[in-house]
């Protein structure tokens, strides 16, 4: 088992049994640049966001690149009145990953995963534990491996 973010993510991807490929492209300045570097459409880049549901209670929210979290939809789906995004230091503390590198694969805590329904049925690119490193996977296989709750929780940008 490796201790770097990238190593943890790849170990977890391998252990999941899903087929994946790794792309390394270094830092990029925009979603369009990241998509071009990874050879995918912007909508196929999936952002992993950490959301706080309560004190010490976090979850991962998977959001396609052409969409954003709908806070009302997410709150309704979770049955809560309030959710928030933790600061960068807290996100690192609860996942083991810096912002911009976060992935549910290999997180130091296996928080629940909620994925937007619009990412299903296609190949997507997720962060893989280090800046400019991504894993391309079949979304449906990744969602099964993560035990993700799939729901309508986003709106178009």
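A few remarks follow.
- Extreme residue, nearest to residue 59 (Cα to Cα), among residues of region 99-110 that are in contact with a strand residue (DSSP E or B) (Cβ under 9 Å, 6 or more places away or on another chain) and surrounded by fewer than 19 Cβ atoms within 10 Å (Cβ to Cβ): 109
- In the set 63, 83, 117, only one residue is surrounded by 18 or more Cβ atoms within 10 Å (Cβ to Cβ), under 20 Å from residue 152 (Cβ atoms), at pLDDT 95 or above and within 15 Å of the chain's Cα centre (by Cα); that residue is 63.
- Qualifying positions in region 107-134 - over 20 Å from residue 21 (Cβ atoms) and assigned to a loop (DSSP other than H, G, I, E, B): 107, 108, 109, 110, 111, 112
- Of 49, 31, all but one fail to be surrounded by 13 or more Cβ atoms within 10 Å (Cβ to Cβ), closer than 17 Å to residue 110 by Cβ, in contact with a strand residue (DSSP E or B) (Cβ under 7 Å, 6 or more places away or on another chain) and without any contact (Cβ under 8 Å) to a residue 60 or more places away in the chain; the exception is 49.
- Matching residues in region 143-157 - criterion: being assigned to a strand (DSSP E or B) and either modelled with pLDDT under 95 or loosely packed, with under 13 Cβ neighbours inside 10 Å (or both): 156
- The condition of being at positive phi and without any contact (Cβ under 8 Å) to a residue 24 or more places away in the chain does not hold for residue 26.
- Residue 91 being under 19 Å from residue 43 (Cα atoms), outside any strand (DSSP E or B) and touching a residue at least 12 places away in the same chain (Cβ under 8 Å): no
- Unmet criterion (only one of (1) buried (at least 16 other Cβ atoms within 10 Å of the Cβ); (2) touching a strand residue (DSSP E or B) at 6+ places or on another chain (Cβ under 7 Å)) for residue 24: (1)
The values are calculated or read from the model by the stated rules, or taken from the named source; none is laboratory data. Note that the structure is a prediction, hence the values are computed from the model and not measured. Reconstructed Cβ throughout: ideal geometry from the backbone, glycine too, with neighbour counts over all protein chains shown.
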